[in-house]
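Here you go, one structure.
Derivation of every value follows stated rules applied to the coordinates shown; laboratory data play no part. If you're wondering where the values come from, they're calculated on a predicted model, not measured in any experiment. So basically every Cβ, Gly included, is an ideal-geometry build from the backbone, and we count neighbours across all protein chains shown.
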Amino acid sequence: MASSFYSNSQHVDFESVLSMDDQGMVSMFKALMASCLAGFLGCPAVIYEDALVDFFENASVREGVIISTVAGQLVEISEEWFAESFELPVDGLGDLSEIPKDAIFDARSIVSLSGEPVSLSGRKNQMKFEFRLLCDIMAKAISVKAGSFNSITVEKFSLISAVVRSICMNWAKILFSIFKRMVTPGSKQAKGFAIQISLLLVNIPNLELGASSEFPASKILTKKTVHRFVSINDRDGAEEATGAIMQRAASKKRPAADVVTAVTKKKRT
């Protein structure tokens, strides 16, 4: 089903989130805009489910161009057209491995809730709320990875670092490379970019797309949904902290059997 192509996806209503009173969140979204990702993350959110199924069933990569057929019509998507459609930068670092290590090191402290550098193999609750949300955006809308969204990975944190440290990235190349992996047979890359593919298909003349549907409102980041995200994370964080305290307290208690044994030993002379 086409819904599987956006079941874990996330989109951004920049006008709404920038009107928030939370300066940390607003600064994070402004950083995304400064990275020139607003055209990709905030484009019109309309889905053409039948066309998406067709597209992914027939897609392949030929000489660097994504080729498919939708409703029997040939579709070709080049990196250049992809970049132009979403106003993506075509200059800068073209691979996450090229991000300077000192930039990643600095970002580990910038995003930290405690001030201590976050662990790249830990959980995202080490980070301030706005950067936990940024971690979700990077995982769901950019790298499109399946699995746990609570863990930090080197890839996720490299993406976060690029935004937080204002590193000039060739987002067109990075995102199109992910797109190509989505349509490569045998690839472990999860399928996504449903909104963006739908928008590309709309701009192909005379292409029959079938009925459109709105992207689920619950998956669009607005002032309301971001407040809900903060509320849920605040509650979960408190519960996790309480659990950790109780666990530490329990570990300090000596088992009753040990206490009895100790008392018995003291009575022996």
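Within the range 88-204, considering only helices (runs of 4 or more DSSP H) that don't extend past its boundaries, which have at least 1 residues that are small (Gly, Ala, Ser) and surrounded by 15 or more Cβ atoms within 10 Å (Cβ to Cβ)?
On the way: elements: 101-110, 129-137, 154-164, 171-182, 194-202.
Correct list: 101-110, 154-164, 171-182, 194-202.
Continuing with the same structure: Could you check the range 186-229 and list, in sequence order, the residues that are at positive phi and either touching an Asp or Glu at 6+ places or on another chain (Cβ under 6 Å) or of a type in the set (Gly, Ala, Ser) (or both)?
GLY186, GLY210
What are the residues in the range 147-183 that are small (Gly, Ala, Ser), at negative phi and either without any contact (Cβ under 8 Å) to a residue 24 or more places away in the chain or out of contact with any strand residue (DSSP E or B) (no Cβ under 9 Å at 6 or more places or on another chain) (or both), if any?
SER148, SER158, SER161, ALA172, SER177
Do we find a residue being touching a helix residue (DSSP H, G or I) at 6+ places or on another chain (Cβ under 6 Å), basic (Lys, Arg) and closer than 18 Å to PHE40 by Cα anywhere in the range 122-142?
no
In addition: If you check ALA38, ALA59, which single one turns out to be buried (at least 18 other Cβ atoms within 10 Å of the Cβ) and over 17 Å from ARG132 (Cα atoms)?
ALA59
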